[in-house]
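Engineer: Have a look at the structure that comes next, please.
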Amino acid sequence: MAGMTPAHRILIIQGHPDATQPHLCHALAEAYAAGAREAGHEVRMLEVAALDFPLLRSQREWESGSLPPTLAQAQQDIGWAQHLVLVFPLWLGDMPALLKGFLEQVARPGFAFSTEGGGPAFSRKGLTGRSARIVVTMGMPSLLYRWYFRAHSIKSLERNILGFVGISPVSATLVGAAAQLDGDAAMKHLQAVRKLGAQAI
């Protein structure tokens, strides 16, 4: 039908480090997935907290070490996806350490970018042709984070990680004062994210 969004392959990466109980991040991820599936998009979901992997401790290990077997499917899912959705809470002004450790593990040379053939690594991005949305919950009002703190961690993720490997464009949805949201306010955020899922943006 004219005007409909073409079907996309979407990977939703749940970056909340607590998998023992549901959080707003989980509801937001499910809402995005529901909207995407209803619109005919293919959706895979990945929960970082359910994966067992070590943290990288040296540049040598990152460059020449082996990808942990528990992350092989995650890396395949990233390669499969046309659109990535990263959902996480803001902790100490940044993404949780577990999510950062996950991204460091999967964004390795030979997959996320290439160093072969000489020249700067950033000129041979391995994940071009993919877009992303970042969905972040936080305790402070989102306007305060965006304008006073300049959304520094979101910009760093967009530029230094996603942009470095070729993922563009990157959009962000900020859910502020998350702990104070009442039912109606939370529902508005869930509905908005569901609409984004339907559009695969």
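Engineer: Set the Förster radius R0 to 22 Å, insert the Cβ-Cβ distance between ALA192 and ALA34 as r into 1/(1 + (r/R0)^6), and round the FRET efficiency to 0.05.
Structural biologist: Numbers: r = 13 Å, r/R0 = 0.59.
Result of the calculation: an efficiency of 0.95.
Engineer: So what is the relative contact order for the chain, in percent, with contacts set as C-alpha pairs under 8 Å and at least six apart? Each step should come with its number before you reach the end.
Structural biologist: Working: 331 pairs, mean separation 58.2, N = 201.
Taking the mean separation of contacting Cα pairs over the length of the chain, I get 29 percent.
Engineer: With N denoting the number of residues in the range 57-170, provide Rg(C-alpha) divided by 2.2 N^0.38 Å, to two decimal places. Spell out each step's value before the answer.
Structural biologist: Values: Rg = 15.0 Å, N = 114, 2.2 N^0.38 = 13.3 Å.
This ratio for the range 57-170 stands at 1.13.
Engineer: Compare the Cα positions of ALA81, GLN180, LEU127 along the charge dipole of the chain (+1 at Cβ of Lys, Arg; -1 at Cβ of Asp, Glu; about the Cα centre) and return the one farthest towards the positive end.
Structural biologist: Final value for the positive-end residue is LEU127.
Engineer: Something else now. Kindly rank 35-41, 161-167 from highest to lowest mean number of other beta carbons found within 10 Å of each residue. Can you show the working numbers first?
Structural biologist: Values: 35-41: 17.6, 161-167: 19.7.
Sorting 35-41, 161-167 by mean packing, highest first, produces 161-167, 35-41.
Engineer: Continuing with the same structure: Whole angstrom only: what separates the Cα centroid of the range 57-79 from the Cα centroid of the range 143-170?
Structural biologist: 23
Engineer: How far apart, in nm, are the 7 Å Cα→Cβ label points at ASP52 and HIS26?
Structural biologist: Result: 2.1 nm between the two label points.
Engineer: Given the convex hull of the Cα atoms of the range 1-46, what is a quarter of its surface area in nm²? Mind showing how you got there, number by number?
Structural biologist: Numbers: hull surface 13.8 nm².
That works out to 3.5 nm², a quarter of the Cα hull's surface.
Engineer: Can you compute the FRET efficiency between ARG159 and GLU63 using 1/(1 + (r/R0)^6), with r the Cβ-Cβ distance and R0 = 25 Å? Round to the nearest 0.05. Working shown, then result.
Structural biologist: On the way: r = 22 Å, r/R0 = 0.86.
The pair ARG159/GLU63 has a calculated efficiency of 0.70.
Engineer: Using only Cα atoms, what is the ratio of the radius of gyration of the range 108-185 to 2.2 N^0.38 Å? Intermediate results must be reported in sequence, preceding the final value.
Structural biologist: Details: Rg = 16.4 Å, N = 78, 2.2 N^0.38 = 11.5 Å.
So the Cα radius of gyration is 1.42 times the expected 2.2 N^0.38 Å.
Engineer: Residue by residue through the range 102-115, what is 3J(HN,Hα) from phi via Karplus (6.51 cos²θ - 1.76 cosθ + 1.60, θ = phi - 60°)? Round to whole Hz and write x for glycine and proline.
Structural biologist: Once rounded to whole Hz, the list reads 5, 5, 4, 5, 7, 8, 9, x, x, 10, 7, 7, 10, 10.
Engineer: Which of the aspartates and glutamates could be linked to LYS155 by a straight reach, that is with a Cα gap under 16 Å, when you skip same-chain ones fewer than 8 residues away?
Structural biologist: ASP94
Engineer: What is the order of LEU28, LEU51, LEU127, LEU90, fewest Cβ neighbours within 10 Å to most?
Structural biologist: On the way: LEU28 29, LEU51 16, LEU127 20, LEU90 23.
If I rank by nearby Cβ atoms, fewest first, I get LEU51, LEU127, LEU90, LEU28.
Engineer: Karplus couplings for the range 196-201 from phi (6.51 cos²θ - 1.76 cosθ + 1.60, θ = phi - 60°), rounded to Hz, Gly and Pro as x?
Structural biologist: My calculation for the range 196-201 gives 4, x, 4, 8, 6, 10 Hz in order.
Engineer: Would you mind calculating the relative contact order of the range 105-201 from Cα pairs under 8 angstrom and at least 6 residues apart, reporting the percent as a whole number?
Structural biologist: Numbers: 106 pairs, mean separation 32.0, N = 97.
Once normalised by length, the contact order is 33 percent.
Engineer: Report, as a whole number in µm² per second, the diffusion coefficient that Stokes-Einstein gives for the chain at 37 °C and 0.692 mPa s using the Kirkwood radius over alpha carbon pairs. Can you show the working numbers first?
Structural biologist: Numbers: Rh = 17.6 Å.
D = 187 µm²/s.
Engineer: Computed from the mean reciprocal separation of all distinct C-alpha pairs, what Kirkwood hydrodynamic radius does the range 140-201 have, in Å? List each step's numbers first, then the result.
Structural biologist: Values: mean 1/r = 0.0755 Å⁻¹.
That comes to 13.2 Å for the range 140-201.
Engineer: Okay, moving on. How large is the Kirkwood hydrodynamic radius of the range 1-81, counting all unique pairs of alpha carbons, in Å?
Structural biologist: Working: mean 1/r = 0.0674 Å⁻¹.
Result for the range 1-81, one decimal place: 14.8 Å.
Values quoted throughout were computed directly from the atomic coordinates according to the rules given, and no laboratory measurement underlies them. Just so it is clear, the model here is predicted, and its values are computed rather than measured. Please note: Cβ atoms are built from the backbone with ideal geometry, for glycine as well, and neighbour counts cover all protein chains shown.
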